[in-house]
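Worksheet: the structure to be examined is printed underneath.
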Amino acid sequence: MNLSRVFALPLVSVALTVSWYAIALGVHRRWRVIPPIVGGCLPIMVCLWLMREPYSEYNRGGSALTWWLGPATVALAVPMYRNGLVLRGILHRISLAVMIGAVVGMVVAGGSAWLLGAPLPIIMSTIPKSVTTPIAIEVCQQLQGLPQITIAMVILTGVLGATFGPSLLKLVGVRNDRAIGAAIGTSSHGIGTASLIRHSEMQSAVSSWAMAAAGVFTSALASLLARILR
C-alpha cells in the first residue's frame, strides 16, 4: 500500500491524533509555554505535508473524534454545577464583565482589521473571534463575512488565550480565580476554558459560564450590527 494512503485510513488518523496529543500533554507538563493543541497538531500537519495527503482524506477518521466535541463541551458544565452556589452570588458582576469584554473584543478585532485596510468582509469575519466556533460561524454569516477566516481567527484566539492568557493576567496583578476564569472564558472560548481545568476548578467553572454568556452577548450584538449595516 502506498505510504501516503495509510494516513487516509480512519483508524490510522484516529490513532495518530490521540497519540500525538498524549505526547503533547507530556511536553506541556515539562514546558508550560507549549500548549497541547499546538504540540499535537504540528507533527500531523508536517506528516500530511510531506506525504502530500489532503486534509479531507485524513479527516475521515478525524470526523469520529469531532463528534466528541459535543459531549466534551457539555462536560465543561460539571465544574460550573459543582460551584453553582458560589457562582449564583456573583453572576450579576460576572455578567457585566463578560458583556463589556464581548463588546471590547468585537470592537478591537474589527477596528484593528479596519485600521490595517482590510475589506469589509474580512472586518466582519474577525468580529466573532472570541466565541466558540459554531456560534462564531453563525455570527459571521449574519454579518456576511467569510467563515474560513472566522474559523482561523477563533482557533488562533483560543490557542493564544490558553497559552499566554493566565500568565499575562498574573503579570498585571490579576490573581483571583474568578477574575481569571471570567477573562479567559470571555476571550478564549472552549480552548481557553479547557486549559483551566487542569489548574483550578473555580477558574474553569467561571470560564465555562463566561464562555456561554459571551456567545449570547456576541450573537445579540452581531444581530444589532447586522441590522444597522442593512
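Bear in mind these aren't lab numbers, they're just calculated from the coordinates by the rules spelled out. Here the structure is a predicted model, which means the values were calculated and not measured. All Cβ positions, even for glycine, are placed from backbone atoms using ideal geometry, and neighbour counts span all protein chains on display.
Structure notes:
- Between segment 114-169 and segment 77-92, the alpha-carbon centres lie 28 Å apart.
- Only helices enter the 222 nm calculation for the chain: every DSSP H run of n ≥ 4 contributes -39,500 (n - 2.57), and dividing by all residues gives -27500 deg cm²/dmol, rounded to 500.
- Shown here for segment 53-148: chymotrypsin sites (Phe, Trp or Tyr not before Pro) in loop regions (DSSP other than H, G, I, E, B) with at most 13 other Cβ atoms within 10 Å, namely 67, 68.
- Compactness of the chain as Cα Rg over 2.2 N^0.38 Å, two decimals: 1.08
- Taking θ as phi - 60° and the Karplus parameters 6.51, -1.76 and 1.60, the scalar couplings of segment 90-97 work out to 10, 4, 5, 6, 5, 4, 5, 5 Hz in sequence order, x denoting glycine and proline.
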